[in-house]
1. Checking Glu66 against (1) touching a strand residue (DSSP E or B) at 6+ places or on another chain (Cβ under 7 Å); (2) within 23 Å of Trp223 (Cα to Cα); (3) without any contact (Cβ under 8 Å) to a residue 24 or more places away in the chain: exactly one of these is not met. Which one?
2. So Ala181 fits all but one of (1) surrounded by fewer than 16 Cβ atoms within 10 Å (Cβ to Cβ); (2) within 14 Å of ligand 1 (Cβ to nearest atom); (3) within 30 Å of Ala88 (Cβ to Cβ); what number is the exception?
3. Looking at the stretch 1-20, I want the residues that are free of Cβ contacts under 8 Å to residues at least 60 places away in the same chain and have a partner that is part of a helix (DSSP H, G or I) and more than 11 Å from ligand 3 (Cβ to nearest atom) with Cβ atoms under 7 Å, at least 6 apart or on another chain. Which pairs are those?
4. Within 16 Å of ligand 3 (Cβ to nearest atom) and touching a His at 6+ places or on another chain (Cβ under 7 Å): which single residue out of Ala147, Ala136 fits that description?
5. Do any residues in the stretch 48-60 that are closer than 21 Å to Gln25 by Cβ and touching a residue at least 40 places away in the same chain (Cβ under 8 Å) have Cβ atoms under 8 Å from those of residues that are in a loop (DSSP other than H, G, I, E, B) and more than 8 Å from ligand 3 (Cβ to nearest atom), where the two are at least six apart or on different chains, and which pairs are they?
6. Return yes when Leu151 is buried (at least 18 other Cβ atoms within 10 Å of the Cβ) and either touching a Leu at 6+ places or on another chain (Cβ under 8 Å) or not in a strand (DSSP E or B) (or both) and no when it is not.
7. Any residue at all in the stretch 67-76 that is within 12 Å of ligand 2 (Cβ to nearest atom) and surrounded by 14 or more Cβ atoms within 10 Å (Cβ to Cβ)?
8. Are any of the residues in the stretch 174-186 over 24 Å from Leu82 (Cα atoms) and assigned to a helix (DSSP H, G or I)?
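Quick note: the coordinates plus some simple rules give every number you see, no bench work behind them. Worth saying up front: this structure is predicted, and the values here are computed from it rather than measured. Neighbour counts run over all protein chains shown; Cβ positions are idealised from the backbone, glycine included.
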Amino acid sequence: MRGLFITGTDTDVGKTWMTASIASQLLARNEHKIGLYKPACSGSVRNEEGRLYWPDLEHLYIALREQFPRDRICPQTFEAPLAPPVAAAAEEKQIDSELLRTGIDWWRERVDMLLVEGVGGWYCPLSEDEMVADFATELAFPVVIVARLGLGTINHTLLTLDAVRSRGLTVAGVILNEPVALEGDASVESNAEQIERWGKTSVLGISRHDQHYQPRQTEETDWFGLSVESSRT
Ligand SMILES: Nc1ncnc2c1ncn2[C@@H]1O[C@H](COP(=O)(O)OP(=O)(O)OP(=O)(O)O)[C@@H](O)[C@H]1O
Ligand SMILES: C[C@H](N)[C@H](N)CCCCCC(=O)O
Ligand SMILES: [Mg+2]
């Protein structure tokens, strides 16, 4: 099974938005079986009937055309909008480290490519004894960094690039996303060039607020080509 790991420069930068978009782009080509995985999800919302749901999970479930069970997309969910081990502790539970990993195994026989969405940013705690960075290092899939378009993103993206590379991982590229509509931010014109120049990486594409992802240099981003079969899993 090939894979890509989707991290972000922060929580709420649009990792889920982009993971769902990448899945839709791949599924539209109808060439490969695609799976989505979120090792743990925290921050539930109550619907009109009073039932809890996790917006990330719903978004990923719908992106996979409702073809896979929600608890395979994310086997561990917690109510509090906190880092997963903290959210788990609030329910007097602990993250199941083994399930973080066996949750991936379920997909192996079923799909050709798995997109794994991280939680928060690269150094977000994921369990009692590991951060997202540790989990992603074990997986060894190339890393896509979702960054916020706008002023401040150069610094956040360069810090994340350094941290990902310090683990010996390949950076597949950066996506600039606009989760909240920007007004009058002149930096958007130069964000991509600056990140490419200083970060020695590619900005694969840009997703403006409420608009579809636009690849930057090519007609389409070859997500399957950027993914690799991990030797370490
Ligand atoms: N390009 C966009 N246009 C419009 N809305 C967006 C866009 N990107 C993200 N959003 C919205 O911004 C919010 C945050 O995005 P998202 O949930 O994808 O962030 P995240 O990085 O996955 O956060 P988390 O750390 O909780 O997983 C969501 O409500 C999402 O629908
Ligand atoms: C609730 C939120 N949307 C995410 N699920 C969890 C983000 C945790 C971030 C922790 C941190 O880095 O400070
Ligand atoms: Mg998310």
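1. That leaves (1) as the condition not met.
2. The number of the failed condition is (3).
3. Ala20/Ala63
4. Criteria check complete, one pass: Ala147.
5. Cβ pairs passing all conditions: Asp56/Gly43; Asp56/Cys74; Leu60/Cys74.
6. Here the answer is no, as Leu151 does not meet what is asked.
7. Checking the stretch 67-76: at least one residue is within 12 Å of ligand 2 (Cβ to nearest atom) and surrounded by 14 or more Cβ atoms within 10 Å (Cβ to Cβ).
8. yes
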